[in-house]
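See structure below.
The values are calculated or read from the model by the stated rules, or taken from the named source; none is laboratory data. Predicted, not measured: the structure shown is a model, and the values here were computed from it. We place every Cβ from the backbone using ideal geometry, glycine too, and count neighbours over all the protein chains shown.
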Amino acid sequence: MFFTIITATRNAAATLPRLLDSLAAQTCRDFELIIQDGASTDGTVGLAEAYRDRLPALSLDSAPDRGIYDAWNKALGRIQGEWVLFLGADDELAGGDTLESCRQTLSLLDEKICYAGGIVARVASDGSVASHVPFAPAAVEKMQWRHMPFAHQGLWHRNNLFDGCTFDASLRIAGDYDLVCRTWTPENGSHVLPFVVTKMYRGGVSDSPQSILRIRWENAAVSSRYFPNVWTFSCLSGLMKGGLVRLICAIFGARAPIVLDAGRRLRGLPPAWKEL
């Protein structure tokens, strides 16, 4: 088995078909899908089972969990593929030939390469591409001490990264950032896939203004573990900004994105919250 796709779900029946359809359409069939479900009650498990005959291999388990990283940890023990990709239930691969394109490159890499990343397209609620997030290893040293330096949905992991290594399940949002800080080196993570791997639809927890304070807090906590000498001022500033956004959300409720975008326009920045 060459590829393993891991997805954590919980009451994801409304969006999961997007991911399953993109996987069923792949010309490369040398992959498995592992779904670790968090005891959904909306038909998610039955929906996933309905795709079993359309996928090369499906491993499906449903049980209560403590969040996405706990679910991913449960899935790690079932990996059969050489390369692993973590996708959300509302993500999708960029096209039917995406896995084939990835395989053509990944199969040629030296065994010391444990990470390889491609472009992630951020898709707005109307289906248009809002932006592209590149994989830029050269920028890691400048960004890694502050936050996740690239989009995790476009990042392939060689399976031996998880030999004795799991995600920190005490984190709700920054567990992938923590894993990268623990395992990334310039030698094992320098390979770039120069094409779009994943389409990531906006509106998830990492986009929510209500979650920004939690995101900044967890980023600061992770940063302090690995970069204790450089994180303080920037992270404190980020926490203050996150607290301000959370206060605006509490005051303005559903109108908060409008207020936040108005503030961005005053600073000469493009709107970022209007579609959330």
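Laid out as a table, the results:
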item: Residue list for the stretch 100-131, restricted to those being more than 16 Å from PRO194 (Cβ to Cβ), surrounded by 15 or more Cβ atoms within 10 Å (Cβ to Cβ) and not basic (Lys, Arg); result: CYS114, VAL123, ALA124, ALA130
item: Search result, residues across the stretch 60-99 that are of a type in the set (Ser, Thr, Tyr) and touching a Leu at 6+ places or on another chain (Cβ under 7 Å); result: TYR69
item: Filter result for the condition that a residue is modelled with pLDDT under 95, touching a strand residue (DSSP E or B) at 6+ places or on another chain (Cβ under 8 Å) and of a type in the set (A, V, I, L, M), over VAL133, VAL120; result: VAL133
item: Residue, modelled with the highest pLDDT, within the stretch 136-163, restricted to residues that are over 22 Å from GLY95 (Cβ atoms) and among the aromatic types (Phe, Trp, Tyr); result: PHE162
item: Close pairs (6 angstrom Cβ cut-off, 6 or more residues apart or separate chains): closer than 15 Å to ASP21 by Cβ in the stretch 95-110, in a loop (DSSP other than H, G, I, E, B) and hydrophobic (A, V, I, L, M, F, W, C) anywhere; result: GLY96/ALA25; LEU99/CYS28
item: Enumerated helices (runs of 4 or more DSSP H) restricted to the stretch 172-276, each holding at least 1 residues that are at pLDDT below 70 and of a type in the set (Phe, Trp, Tyr); result: 232-252
item: Inter-residue pairs, beta-carbon under 7 Å, first on the phi > 0 side of the Ramachandran plot and in the stretch 62-73, second of a type outside the set (Ser, Thr, Tyr) and surrounded by fewer than 19 Cβ atoms within 10 Å (Cβ to Cβ), 6+ apart; result: GLY67/ALA169; GLY67/ARG172
item: Any hit, the stretch 141-163, residues being surrounded by fewer than 15 Cβ atoms within 10 Å (Cβ to Cβ), of a type in the set (S, T, N, Q) and in contact with a helix residue (DSSP H, G or I) (Cβ under 9 Å, 6 or more places away or on another chain); result: no
item: Where a residue in the stretch 39-52 is in the same structural domain as ILE68 (by TED's automatic domain parsing) and touching a residue at least 12 places away in the same chain (Cβ under 8 Å) and its partner, wherever it lies, is surrounded by fewer than 17 Cβ atoms within 10 Å (Cβ to Cβ) and in a loop (DSSP other than H, G, I, E, B), with Cβ under 7 Å and at least six apart; result: ALA39/ALA63; ALA39/PRO64; SER40/ASN11; THR41/ASN11; ASP42/ASN11; THR44/ASN11
item: Number of positions in the stretch 144-160 that are touching a Leu at 6+ places or on another chain (Cβ under 9 Å) and either in a loop (DSSP other than H, G, I, E, B) or of a type in the set (Gly, Ala, Ser) (or both); result: 1
